[in-house]
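Q: Can you keep this structure in mind? I'll have questions shortly.
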Amino acid sequence: MENKTLHGRTALITGSTSGIGLGMARALAGAGANIILNGLGDPGEMAALAAGIAREHGVEVIYDPANMLRADEISTMIRRAGEKFGVIDIVVNNAGIQHVSAIEDFPDDKWQAIIAINLVSNFHTIKAALPMMKQQRWGRIINLASAHGLVASPYKSAYVAAKHGVLGLTKTVALETAELGITCNAICPGYVHTPLVEGQIADQMKAHNMSRDQVINDIFLVAQPSKRFVEVEELGQIALFLCSPAACSINGIALPVEGGWTAK
Ligand code: NAD
C-alpha cells in the first residue's frame with residue numbers, strides 16, 4: 001500500500017511534463033500530494049497526463065503551461081495555484097535545458113535561455129511561493145542542480161554556470177528561512193537517462209560517428225564510477241525523503257546523486 005505522508009500537501013514541479021520532473025511528480029502524488037504539473041507540451045496531451053496521475057493516486061493534478069523564461073507567467077502560475085489549493089507547500093525547481101558548444105561558438109541566445117530557465121526561474125518561483133510557506137511556517141524547496149553544479153565539464157559553460165548558481169541560491173534561501181520550518185536543498189544528479197540526455201547521445205553519435213553503446217560507455221558514463229545511469233525513480237524517492245520529517249534539519253545542502261562522480 002502507498003504511504004500517504006504528503007496527504008493534504010500541494011507540490012509544484014517545474015518542467016514536469018518529462019524526465020526527472022515527471023518522475024518527481026509521480027513520486028509526490030504517490031505520497032498523497034496534490035500536484036501542479038508544468039512544462040512544454042501539447043495542452044490536450046498534458047491535460048490527459050494530469051488526469052492519469054490524478055486517477056492513479058487519488059489526488060488533484062492541474063497542468064500550468066507557464067514558460068520558465070517569463071517571470072510574469074511564473075508569478076501568475078503560483079498565484080493561481082495558491083488560490084486553488086490555499087498554499088504551495090513544496091516547490092521543485094526542475095525545468096532545465098542544455099546546449100553543448102565551445103565557449104567562443106556558444107550562441108548568445110542559448111546562453112541567456114539556459115541561465116534564465118535553469119537558474120533565474122528558480123529565483124522567481126521561490127520569491128512568489130515563499131510568502132505562503134512563511135505564513136504557515138512549513139515549506140520544502142528542492143532545486144535540481146547537477147553534478148555540474150559541483151564540477152565542470154568542457155563545452156557546457158552556460159549549464160555549469162547556471163547549476164553552480166543554483167547551489168548559491170539554495171544556500172542563501174536556506175539561511176533566510178532556517179527558523180521558519182522551511183528547508184531549501186539541491187539535488188545534484190549525475191547522468192540520468194531522460195529525453196534531455198537522449199538528445200545529447202544522438203548529437204554525440206553524429207559528431208563522433210560512434211555507436212549508441214560507445215557514446216554511452218565512452219563519453220557519458222566515463223565520469224560516473226558506478227557505470228550506470230541514475231534512475232528517475234531514485235530521484236523521486238530522494239525528493240520524498242527531503243519532504244519527510246526525518247529531513248527537517250537538512251538545509252542548504254547540495255546532495256550528490258551521481259554514483260561517485262564528484263568523489264574523484
Ligand atoms: P527533460 O528534457 O526530460 O525535461 C525538462 C523539462 O523542462 C520538460 O518538462 C520541459 O518541458 C521543461 N522545460 C524546458 N524548457 C521550459 C520552459 N521554457 N518553460 C517550462 N518548462 C520548460 O530533462 P531532465 O533530464 O528530466 O532534466 C530535468 C532537470 O534535471 C534539469 O534541470 C536538468 O538540468 C537536471 N539534470 C538532469 C540530468 C540528466 O542526466 N538528465 C543530470 C543532472 C541534472
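The values are calculated or read from the model by the stated rules, or taken from the named source; none is laboratory data. What you see is a predicted model; the values in this text were computed from it and never measured. Reconstructed Cβ throughout: ideal geometry from the backbone, glycine too, with neighbour counts over all protein chains shown. All accessible areas refer to the heavy atoms of the entire protein, side chains included, with ligands and DNA or RNA removed. Shrake-Rupley method; radii C 1.70, N 1.55, O 1.52, S 1.80 Å.
Q: Could we say that Ala246 is open to solvent by 40 Å² or more (accessible area, probe 1.4 Å), under 22 Å from Lys4 (Cα atoms), modelled with pLDDT of 95 or more and in a helix (DSSP H, G or I) here?
A: yes
Q: While we're looking at this one, here's another question. Just give me the residues in the range 72-111 being within 12 Å of the ligand (Cβ to nearest atom) and either in a helix (DSSP H, G or I) or farther than 22 Å from Ala31 by Cβ (or both), in sequence order.
A: Within the range 72-111, Glu73, Ile74, Met77, Gly96, Ile97, Gln98, His99 qualify.
Q: Which of the residues belonging to the range 200-221 are surrounded by 13 or more Cβ atoms within 10 Å (Cβ to Cβ) and free of Cβ contacts under 8 Å to residues at least 24 places away in the same chain?
A: Ile201, Gln204, Met205, Met210, Gln214, Val215, Ile216, Asn217, Asp218, Ile219
Q: Sticking with this structure for a sec: Against the definition (touching a Lys or Arg at 6+ places or on another chain (Cβ under 7 Å), outside any loop (DSSP other than H, G, I, E, B) and either in the same structural domain as Leu235 (by TED's automatic domain parsing) or within 9 Å of the ligand (Cβ to nearest atom) (or both)), how does Ile53 come out, yes or no?
A: In short, yes.
Q: For the structure I just gave you, tell me whether Ala207 is part of a helix (DSSP H, G or I), within 14 Å of the ligand (Cβ to nearest atom) and over 18 Å from Ser146 (Cβ atoms).
A: So Ala207 fails the test.
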